[in-house]
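This report refers to the structure that appears directly beneath it.
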Amino acid sequence: MRTLIASCVIASALVPAASTAAPQFLEKKMLSLEAARLMVAAAEKEAERQHLRGVIAVVDDGGWVILLERMDNAAYTASVELAPAKARTAALFKKPTQVLEDAINKGRIAAVTARDFTEMQGGLPIVVDGQVIGGIGASFDTPQHDLEVAEAGLAALGADHAGAKR
C-alpha cells in the first residue's frame, strides 16, 4: 500500500511539471508590405531607366502575393499571371527560376510536370540571413530584362539570391 501511495505522489508531482512546460516556437523573418513596396519601387525604377513596361510581383515564403504592380502599357497582358507565378516558383523551390528553366533545356523534361509552377527566367528567391522569406518575379519583354528588373528589386532590400539552393 505504501508503494502505491508513494507512486501516486510521485506521478502527481510529475503531471503538473509536464503541463506547465512552455512549447517551443521557431522564429522566422517575414516580408512586410513596406519591404515589398520598396522592392517594387526599385524594380520599377530600373524598368523605367531601361524604358521597359511590364509586371513586378513580390510573394511571401508560402508563395502568396504581397504586392503586384502592372505598369501602364505592359509588354504582355499575360505578364499579370507570369510575374507572380515566377515569384511563387522561386520562393517555393528556393532557387532562381532560371535554374529550373536550364534543367528543362538540358533534358530534365519531367520538370515541366510540376503543376502550377512557372519554370521561366525572371523569378528570384528573397534570401535574408540564409533563409528564403519570399520571392520576386518580373515579366517584361525578354528573359534578360525580367532578370535585371527582379535583381534591382532584390538589391533594394539588401537581400540576395546567392544563398538560395541551386
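The values are calculated or read from the model by the stated rules, or taken from the named source; none is laboratory data. The structure displayed is predicted, hence computed values, not measured ones. All Cβ positions, glycine included, derive from the backbone under ideal geometry; neighbour counts span all protein chains shown.
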Number of positions in the range 92-129 that are loosely packed, with under 14 Cβ neighbours inside 10 Å and part of a strand (DSSP E or B): 0
Residue satisfying all of: in the range 33-84; of a type in the set (D, E, K, R), more than 18 Å from the chain's Cα centre (by Cα) and in a loop (DSSP other than H, G, I, E, B); surrounded by the fewest Cβ atoms within 10 Å (Cβ to Cβ) among these: Asp72
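On the basis of being farther than 20 Å from Asp116 by Cβ and at pLDDT 95 or above, does Ala85 make the cut?
Numbers: farther than 20 Å from Asp116 by Cβ: no; at pLDDT 95 or above: yes.
Judged against the criteria, Ala85 is not a match.
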Where a residue in the range 71-83 is on the phi < 0 side of the Ramachandran plot and in contact (Cβ under 8 Å) with a residue 12 or more places away in the chain and its partner, wherever it lies, is surrounded by 14 or more Cβ atoms within 10 Å (Cβ to Cβ) and among the basic types (Lys, Arg), with Cβ under 6 Å and at least six apart: Met71/Arg53; Ala74/Arg53; Ala75/Arg53; Val80/Arg70
